[in-house]
Amino acid sequence: MNMNGPVNITRNERLQTCQEIAARLHEVYGAKILAIGVYGSVARGTDGPFSDIEMFCVLEDSDEDVDFSHEWSAGPWKAEVNVLSANVLLHMAATVDEGWPLSHGAFFAPLALYDPKDFFPALKKAAQSPTQEAFTEAINGVLVGEMYEFIGKLRNAHLNGPHTYLPYLAMQFAQYGAMLLGLHHRTCYSTGAQVLPESLLLTDRPDGYEQVAKLVMSGELADPAKIVAACEQFWSGLHVWAAKHHYVIHTKRIPF
């Protein structure tokens, strides 16, 4: 058995493995299966020679909800199969959270291997269903739950150290800034590797975001003063951007 992780596999070989996994799922779950599909880079046709396999196995609704994953390595390749009741997956698709721009692309265009009742079009419809209020709530959550905390941690590290924490914080500013932009535009990123460059293609960015994103993409994170200045500029830009779009960072009352 290969013990050195993923090996170079062609797309056709990977798709054949997907079919073999689907056949095994039919053996295990039988008539309970509503649909089987592939998501991620394999579904998009952008998988590389070392990409893993990600699949949905959707079960008919029953008295007990099902939501778990099979995840394993065969040596030269790795696979993850999410086994879920239909109602569980539809609810996930219709929910907006901080990671929506990266996580929910899977629901819009899975590669169907088995879908006799057209479940995957219904899944796409569920993913398109959230209201603007749901996106606004998620944006407010990132502004307070992440960005406000990051600026406090940045200022602590700048004042008291360790400065070795600052590169990590810059990456967090960039990553969650990209999530804010994706939520604001209701746009999903194609893959984790493309989050930052794709975010810079979006319009209406807060002042300072581009500088932080390019700093992280360049890998030039050795200068503490440069990191602090860039993140502080972005934080200031977030206030202006949030006010413009009626997002909330601060409130004058305790919300309970």
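Gyration tensor analysis over the Cα atoms of the range 1-140 returns equivalent ellipsoid semi-axes of 27, 19, 13 Å (largest first, whole Å). Across the cross-link table entries Lys32/Lys124; Lys125/Lys252; Lys226/Lys252, which are compared at the Cα atoms, the separations over 26 Å belong to Lys125/Lys252; Lys226/Lys252. According to the calculation over all Cα-Cα pairs in the range 60-187, the P(r) per 10 Å bin from zero is 11, 30, 27, 22, 9, 2, 0 %.
Rank-order 88-96, 161-169 by packing density, defined as the average count of other C-beta atoms within 10 Å over each peptide's residues, highest first. Before the final figure, lay out each step's value.
On the way: 88-96: 19.2, 161-169: 14.9.
Packing order, densest peptide first, comes out as 88-96, 161-169.
In a fully extended conformation the segment linking His91 and Asn160 would gain 20.4 nm over its present Cα-Cα distance, using 0.36 nm per residue. Pairs of Cα atoms in the range 47-125 fall into 10 Å distance bins, from 0 up to the last occupied one, in shares of 16, 46, 32, 6, 0 percent.
The fraction of all Cα pairs in the chain landing in successive 5 Å bins from 0 to the largest distance is 1, 6, 12, 14, 14, 13, 12, 11, 9, 5, 3, 1, 0, given as whole percents.
When the P(r) is computed for the range 146-247, the part past 24 Å accounts for 19% of the Cα-Cα pairs. Summarising the overall dimensions of the range 18-93 from its C-alpha atoms, the Rg and Dmax are 12.8, 41 angstrom. Select from the range 1-70 those GluC sites (Glu not before Pro) which occupy a DSSP coil region and have at most 12 other Cβ atoms within 10 Å, ordered by residue number. Listed in order of number, the matching sites are Glu64.
Considering only alpha-carbon pairs that sit under 8 angstrom and 6 or more positions apart, the relative contact order computed for the range 94-185 is 41 percent. Label positions at Ser190 and Tyr148, each projected 7 Å from the Cα along the C-beta direction, are separated by 3.7 nm.
No value in this document is a laboratory result; all are computed from the given coordinates. The structure presented is a predicted model; accordingly, all values stated were derived computationally and were not measured. Note: ideal-geometry Cβ built from the backbone for every residue, glycine included; neighbour counts use all protein chains shown.
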